[in-house]
Amino acid sequence: MNGTLPEDAALSAVADWLSASSSTVVLTGAGMSTESGLPDFRSTSGWWKQIDPRRVASVEALEQNYSLFAEFYRMRLERLHDCQPHRGHLILAEWERRGIVSAIVTQNVDGLHQRAGSNQVAELHGSLSRIRCHACGTGAAVERFMNGDRCGRCGGKLRPAVVLFGEMLPEDAWEHAVQAISRAELLLVIGTSLEVYPASQLPLMTRGRVVMINAEETALDHRFALTIRGKAGETLQQLERLLTGKNEEDGSEK
Ligand code: APR
């Protein structure tokens with residue numbers, strides 16, 4: 001089965017695959033967090049439509065224009081402070097508890113999967129809320145970065161432990177992601193344009209079926225068993241209803 005089906009048929013097929021799969025992995029991108037109020041990067045309201053990423057999210061920006069770099073990440077941390085995981089994050093955490101999902105591989109740095117209760121999470125691009133010194137690597141409290149402090153150990157520049165453009169991905173997270181995804185029977189890819197290497201290659205590295213759940217078309221859609229054009233939270237809730245046979249709104253059995 002390739003391409004897109006009428007939505008109900010596609011959702012039923014994915015629900016059947018989720019029930020039958022003994023190893024399901026979920027790969028998420030920024031589109032998984034927009035319903036929590038965080039912008040993504042490349043859709044019309046995305047960060048990179050407002051500012052050139054090289055000016056704020058690169059090693060060069062950190063080293064040559066630290067005040068703009070720090071202002072950008074302090075602003076993203078402030079926005080994150082007011083956000084909560086949405087129903088889609090909570091459903092994925094519930095699916096981990098029920099043994100439906102074995103791991104989440106995320107490009108997101110917002111920590112919302114973990115806050116929703118998911119434990120098996122590989123953060124390919126690091127974490128916004130983990131602060132370290134760019135010079136000596138010593139960790140620091142987020143408040144120190146928010147206050148504009150320097151490293152207490154060497155006086156170096158503090159920064160979030162996110163992967164900046166020009167930096168390598170954390171090896172352990174990448175290895176974990178490749179292991180989980182290559183062995184998966186089913187891979188759900190949710191809310192990502194798949195435009196950033198090497199994360200974009202992961203869906204091509206699995207032996208299993210790949211299902212894409214995304215608001216917009218991506219260049220790799222044609223490579224996947226099924227594409228569901230829709231919102232992450234809504235689609236995950238529809239799948240949850242099919243899996244449990246109950247309507248979450250009123251809790252009635254079907
Ligand atoms: N539901 C489903 N899809 C959504 C939703 C939603 N509620 N909101 C947005 N999307 C889709 C967008 O249409 C877009 O195709 O999610 C995708 C997000 O793509 P990007 O903005 O490119 O984000 P992402 O793929 O995660 O970017 C990868 O790029 O800048 C780097 O480090 C950054 O991790 C990020 C990486």
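Structure values in brief
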read-out: Ranked by how many other beta carbons lie within 10 Å on average, peptides 191-203, 78-90 from highest; value: 191-203, 78-90
read-out: Accessible carbon and sulfur surface of segment 1-145 relative to its total accessible area, %, 1.4 Å; value: 48
read-out: Within segment 31-180: Cβ-based charge dipole about Cα centre, in debye rounded to nearest 20 (Lys, Arg +1; Asp, Glu -1); value: 280
read-out: For the chain, calculated [θ]222 nm from helices alone, where every DSSP H run of n ≥ 4 adds -39500 (n - 2.57); value: -10000 deg cm²/dmol
read-out: Sequence-distant residues sharing a close amide H with V189 (under 5 Å, placed H); value: L27, V211, M212, I213
read-out: Whole-Å semi-axes of the chain's equivalent ellipsoid (Cα gyration tensor); value: 34, 18, 17
read-out: Share of carbon and sulfur in the accessible heavy-atom surface of segment 164-210 [1.4 Å probe, %]; value: 50
read-out: Residues whose placed amide H lies under 5 Å from that of G139, excluding near-sequence neighbours; value: C133
read-out: Dipole of the chain, positive end: most advanced residue of W95, T106, P170 [Cβ charges, Cα centre]; value: P170
read-out: Spread of Cα-to-Cα distances over 5 Å intervals beginning at zero, given as percent, for segment 30-169; value: 2, 10, 18, 21, 20, 14, 9, 5, 2, 0
read-out: For the chain: accessible area per residue (Å², 1.4 Å); value: 47
read-out: Expected-Rg normalisation [2.2 N^0.38 Å, Cα atoms] applied to segment 14-94; value: 1.44
read-out: Farthest positive-ward along segment 73-181 dipole, Cα basis, beta-carbon charges - from L158, L128, A116; value: L158
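The values are calculated or read from the model by the stated rules, or taken from the named source; none is laboratory data. Small disclaimer: the values here were computed from a predicted structure and weren't measured. When we count neighbours, we look across all protein chains shown, and the Cβ atoms used for this are built from the backbone with ideal geometry, even at glycine. Ligands, DNA and RNA are excluded from the accessible area calculation, which covers all protein heavy atoms including side chains. Shrake-Rupley method; radii C 1.70, N 1.55, O 1.52, S 1.80 Å.
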